[in-house]
Amino acid sequence: MGKTQQRGVVLVVTLVTLLILTLLGTSSIQMTSLSETMARNSVDSSVALRSAEAAIQTAEAVVEAETVITAYEANADGKYEANAVGEIARWEDDANWTDTNSVAADYSDGQDQPRYMIEFVGTIVSDDDRLNLDNVAGGSGADRTQVFRVTAQGVGKTAAAKVLLQSYYGKKF
């Protein structure tokens, strides 16, 4: 073999090696970009969750301060009676997460403030006092627990990250 034939082989080997290194570099950049996107989405959803939790706590404090349930009969300003079975729940309709249908909670880490709505679900009468023969039909209300469903929507650092949380809160008036 002559010297001129060997130089062509070195060129081909060098080009193949360069192609492999380019593919490895491109793949590494794509993996890094994907990892950054996943980390950003994780932070975004975490902020949305914390935001919704803050709204739940605020709404539960509102319920704790209640002394009557008449505000829930008006079905306005974030306080409602629960829908009947078979009807679409209020919290499932995006239109109900507006200024007039839900209440903003104070939390500033997300893009928007979290919002909540409270629904009066019903009254539970304690079995212990139901057949109290010493006080027939004269209960003081201590045997009745008013049950509320609190639904909160939190938003992350971007509008794409939304979290809905619900809790049930019982209170004796």
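The values are calculated or read from the model by the stated rules, or taken from the named source; none is laboratory data. Every value quoted in this text rests on a predicted model; they were computed, and no experiment measured them. All Cβ positions, glycine included, derive from the backbone under ideal geometry; neighbour counts span all protein chains shown.
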Exercise. What pairs come up if the first residue lies in region 55-72 and is more than 13 Å from PHE120 (Cα to Cα) and in contact (Cβ under 8 Å) with a residue 40 or more places away in the chain, the second is buried (at least 17 other Cβ atoms within 10 Å of the Cβ) and of a type outside the set (Gly, Ala, Ser), and their beta carbons are under 6 Å apart, counting only those six or more places apart or on different chains?
Worked result: ALA55/PRO114; ALA55/TYR116; ILE56/VAL150; ILE56/LEU165
Exercise. Quick one: would you say TYR116 is crowded, with 16+ Cβ neighbours inside 10 Å, within 23 Å of the chain's Cα centre (by Cα) and assigned to a strand (DSSP E or B)?
Worked result: yes
Exercise. Counting only residues that are of a type outside the set (Ser, Thr, Tyr), touching a strand residue (DSSP E or B) at 6+ places or on another chain (Cβ under 9 Å), at pLDDT 85 or above and assigned to a loop (DSSP other than H, G, I, E, B), how many does region 95-109 have?
Worked result: 2
Problem set entry | Number of the exception - GLU92 against (1) out of contact with any strand residue (DSSP E or B) (no Cβ under 7 Å at 6 or more places or on another chain); (2) modelled with pLDDT under 90 | (2)
For this session: Keeping to region 73-82, report how many residues are within 21 Å of ASP112 (Cα to Cα) and free of Cβ contacts under 8 Å to residues at least 40 places away in the same chain.
Result: 1
